[in-house]
Structures are given as C-alpha cells and as structure tokens.
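Step one of this worksheet: look at the structure below.
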Amino acid sequence: MARLLPKAERDTFRPWFYYFFEKFVAALMRRAFARFELIGELPPLPEPGIPLLFLANHISWWDGFFLWRLQQRWMRRSPIYTVMLAGEFQKFSFFGRVGALPLTLGSPASLRCLLRLLQKLRLKHQARRWSLSYFAQGRIRPSFSRPLALSRGVLHAAEAMSPSYIIPVALHIEFLNKQRPTVFMQLGQARYYPDPTLTLEELELELTQTLDGIHRLVSEFGEDYNKALDEKGMAHACLL
C-alpha cells in the first residue's frame, strides 16, 4: 500500500534545533556559493504579531535556505516557516523541526490543512514576530522564465495569516569570476493584507519587474555589479 503524503497538521518547529541548523546552513552555503548578495535596503520590521509572508520565485533546491538565511539575519530568533512540497518533506522530515510545512500540489485537502495550521500559528505567535516563505510557482523554473505563473494559494495563505505583510522576493543565481556561483536577492515592496485592491497579478508584476532589474544589472555589468551598485548609491550586503 502506498504511503500517504504528510499533511501540515501541527507545528513541529523546535527552537532548540534552531542553533544547530543555523550553523549547518551557514557552512553549507559558504561551501556552495561565492557570494550571497542582498540588493537594496530591508524594510522596517512590522509590529510583533503581524507576520511576514515572503513570496519568492523558485529557481533551485537551495531557495528555502536562501530565504531562511535572510530571515535568520533580519528576524533573528523569530519562528521561521517554509511551505515545502509534501514529497520532499517525506524525504527530509527533519526540516519540520525548523518550520517546514508540507503541501501537496493540486490537493484541496492538503491546502485546507495548511491554512488551518497557519491560522493556529497566527494565534500562537500573536505577541511575537514570525514569517513564512512561499514559492508560489510550485516547481523549479529559471529566473528568466515568463510568465512566472504564481498560484493563488499564496493569497489564501496570506488570508489565513492576516493581518500580514506580503513581500515579493526575487532570486537569481549567476556564475561570474569565481568557481562557485553568486546568489542575488532583492525584495519588493511590502504589501499589507488584507487589502481588497491587492491582486495576484499585481504581486506577479512586481516580482517580475524586480527580477528583470537583477537581470539587467548582471547583463550590463557582469562581475563588476558591486561597483555599479556603489556608483548608483544602492545598498547591498553579503549574507554569507
């Protein structure tokens, strides 16, 4: 009999595991990448109890680590959750200890289970900051693929977490003048939810435009991108 895929039925985040996972991720990324470049300034953190939903494009197996690293540096010691494909969660169930929440694509029952858990997390963390990473493309695609084709599940997640802020996150990986590639990340504008005027199409457009900006930077300046950012007065920092 086939084994049933896991459901997001309970919060398995374990703070005691956080310290060890932080060291593990930092060492793993330093071995795999030359730089992890965050372009632009981070927006102010919201009041405790208002979670952040990071809406990112999905370009690699590493993406959850990229957003985890960002949140760990920006929202240190705050609970971090990531929506993960149920099949992958089944292979790496220990990720549940650092906030992985399984979701089976195309399964309304799995989505409802995830949304119920997000509602519970909103109540559990109503006095502190917490965040969720959501890869609404549902599968890995190159950063230049268009359209991004984001799923509406991200808005359902934002509704379950509301009030919340949705922050588009553009991700791109490029080989430059090192043996290991460079990761580029840039955040879009934080959007408050619920907002009756906010649409999925608007979020997809902003994420697309942010990605296009990274592509133009790399295409025009290549390995000298950091000098170009300095000349333009744009903030940037390495997260490795």
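The values are calculated or read from the model by the stated rules, or taken from the named source; none is laboratory data. Treat the numbers as computed from the prediction; the structure is a model and nothing was measured. Cβ atoms come from the backbone with ideal geometry, glycine included; neighbour counts cover every protein chain shown.
May I ask you to list pairs of residues, at least six apart or on different chains, whose Cβ atoms are under 7 Å apart, with the first in segment 181-196 being of a type in the set (D, E, K, R) and the second being buried (at least 18 other Cβ atoms within 10 Å of the Cβ)?
ARG191/TYR165; ARG191/ILE166
Conditions: (1) touching a helix residue (DSSP H, G or I) at 6+ places or on another chain (Cβ under 8 Å); (2) among the aromatic types (Phe, Trp, Tyr); (3) without any contact (Cβ under 8 Å) to a residue 12 or more places away in the chain. PHE24 meets all but one. Number of the miss?
Every condition holds for PHE24 apart from (1).
Among the residues of segment 158-170, write down those that are buried (at least 23 other Cβ atoms within 10 Å of the Cβ) and either touching an Asp or Glu at 6+ places or on another chain (Cβ under 6 Å) or not in a strand (DSSP E or B) (or both).
ALA158, MET161, PRO168, listed by residue number.
What number of residues in segment 182-227 are loosely packed, with under 14 Cβ neighbours inside 10 Å, assigned to a helix (DSSP H, G or I) and either hydroxyl-bearing (Ser, Thr, Tyr) or in contact with a helix residue (DSSP H, G or I) (Cβ under 8 Å, 6 or more places away or on another chain) (or both)?
The qualifying residues number 3.
Which of (1) of a type outside the set (A, V, I, L, M, F, W, C); (2) assigned to a loop (DSSP other than H, G, I, E, B); (3) surrounded by fewer than 16 Cβ atoms within 10 Å (Cβ to Cβ) is the odd one out, the single condition SER143 does not satisfy?
For SER143, the failing item is (3).
I'm trying to understand the selection: among the residues of segment 171-181, which are part of a strand (DSSP E or B) and not acidic (Asp, Glu)?
LEU171, HIS172, ILE173
Out of the strands (runs of 3 or more DSSP E) lying entirely within segment 24-127, which hold 1 or more residues that are among the charged types (D, E, K, R), out of contact with any Asp or Glu (no Cβ under 9 Å at 6 or more places or on another chain) and closer than 23 Å to LEU240 by Cβ?
So the answer is 35-39.
Are any of the residues in segment 146-162 within 30 Å of ALA34 (Cβ to Cβ), at pLDDT below 95, touching a strand residue (DSSP E or B) at 6+ places or on another chain (Cβ under 9 Å) and not basic (Lys, Arg)?
no
Take the residues of segment 71-102 that are aliphatic (A, V, I, L, M) and more than 22 Å from PRO163 (Cα to Cα): which is modelled with the lowest pLDDT?
Among those residues, the one meeting the criterion is VAL98.
Residues to consider are LEU115, LEU132; find the one that is modelled with pLDDT of 95 or more and over 25 Å from GLU22 (Cβ atoms).
Testing whether each residue is modelled with pLDDT of 95 or more and over 25 Å from GLU22 (Cβ atoms) leaves just LEU115.
Just for segment 150-168: of the residues that are farther than 24 Å from LEU42 by Cα and touching a residue at least 24 places away in the same chain (Cβ under 8 Å), which one is nearest to the chain's Cα centre (by Cα)?
Taking the candidates together, the pick is GLY153.
Just checking, does segment 51-69 include any residue being at pLDDT 95 or above, of a type outside the set (Lys, Arg), within 19 Å of the chain's Cα centre (by Cα) and more than 30 Å from LEU217 (Cα to Cα)?
Yes - at least one qualifying residue is present in segment 51-69.
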